[in-house]
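Worksheet for the structure shown next.
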Amino acid sequence: MQIEKNRVVSIDYTLTNDEGAVIDTSEGRDPLMYVHGVGAIIPGLEQALEGRESGDEFKVLLPPTEGYGERDDRLLAEVSRENFGEIEDLSVGMRFRVPTDQGDYQVVTVSEIVEDRVTIDANHPLAGVNLNFDVVVRDVRDATADE
């Protein structure tokens, strides 16, 4: 059965950066399962999976535009250390959910701390990074009504 819209797909994958360092992998875990064609995974990987079948193995290099986008310096903000309340051990790399003007939340990462000023970054941690996927399609089936 081929991968197409509204089919449930299970894949094993290893994601590396251009230097070959593993960023994420399904190794040692259950395969990643998703419904194809509904935006559940990054666009470039979904497109690379289109038409494939169970048992297919392939590698794909996705530029940032097909993954998590380019880095956007407009998503950096400097805020007062006071915004972090009583967190005494605030450090670079910590991530927080912050409310947006639209009433939902956005994840930000602390990227710099200088005295009483904290720089937060709302870019995805993999923004601007080439994504190298090594993929094995494990299963493809029709989605149920609940899925």
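The values are calculated or read from the model by the stated rules, or taken from the named source; none is laboratory data. Everything quoted here is computed from the prediction, not taken from an experiment. Methodologically, a virtual Cβ is constructed for each residue, glycine included, from the backbone with ideal geometry; neighbour enumeration extends over all protein chains shown. Heads up: the accessible areas ignore ligands, DNA and RNA and are worked out on the full protein's heavy atoms, side chains in. Shrake-Rupley method; radii C 1.70, N 1.55, O 1.52, S 1.80 Å.
Looking across region 27-45, the residues that are over 16 Å from Leu126 (Cβ atoms) and open to solvent by less than 50 Å² (accessible area, probe 1.4 Å) come down to Tyr34, Val35, His36, Gly37.
For every residue, the table says whether it meets (1) in contact with a Leu (Cβ under 8 Å, 6 or more places away or on another chain); (2) surrounded by 11 or more Cβ atoms within 10 Å (Cβ to Cβ).
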{"residue": "Ile87", "(1), (2)": "no, yes"}
{"residue": "Pro99", "(1), (2)": "no, no"}
{"residue": "Val107", "(1), (2)": "no, yes"}
{"residue": "Val110", "(1), (2)": "yes, yes"}
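Restricting Asp18, Asp12, Asp72, Asp24 to residues that are touching a residue at least 12 places away in the same chain (Cβ under 8 Å), over 30 Å from Arg117 (Cα atoms), open to solvent by less than 80 Å² (accessible area, probe 1.4 Å) and among the charged types (D, E, K, R) narrows the list to Asp12. Selection over region 129-144 of residues that are at pLDDT 95 or above, closer than 21 Å to Lys5 by Cα and surrounded by fewer than 19 Cβ atoms within 10 Å (Cβ to Cβ) gives a count of 4. Only residues that are modelled with pLDDT of 95 or more, of a type outside the set (Val, Ile, Thr) and either open to solvent by less than 50 Å² (accessible area, probe 1.4 Å) or touching a Lys or Arg at 6+ places or on another chain (Cβ under 6 Å) (or both) were counted in region 112-125, giving 3. Out of curiosity, is Ser80 among the polar types (S, T, N, Q) and either open to solvent by less than 40 Å² (accessible area, probe 1.4 Å) or modelled with pLDDT under 95 (or both)? Answer is yes for this residue. If you go through region 57-69 and pick out every residue that is in contact with a helix residue (DSSP H, G or I) (Cβ under 9 Å, 6 or more places away or on another chain) and either polar (S, T, N, Q) or exposed (fewer than 12 other Cβ atoms within 10 Å of the Cβ) (or both), you end up with 1.
Determine which member of the set Val137, Val98 is touching a strand residue (DSSP E or B) at 6+ places or on another chain (Cβ under 6 Å), within 23 Å of Glu27 (Cβ to Cβ) and of a type outside the set (Lys, Arg).
Details: Val98 fails: within 23 Å of Glu27 (Cβ to Cβ).
Answer to the selection: Val137.
Screening the candidates Val114, Val135, Val118 for the property of being over 20 Å from Val79 (Cα atoms) and of a type outside the set (D, E, K, R) yields one hit, Val135. Within region 43-67, the set of residues being out of contact with any Leu (no Cβ under 7 Å at 6 or more places or on another chain) and assigned to a helix (DSSP H, G or I) comprises Pro43, Glu46, Gln47, Ala48, Leu49, Pro64, Thr65, Glu66.
Take the conditions (1) open to solvent by less than 70 Å² (accessible area, probe 1.4 Å); (2) under 16 Å from the mean Cα position of the chain (by Cα); Leu49 misses just one of them, which is (2).
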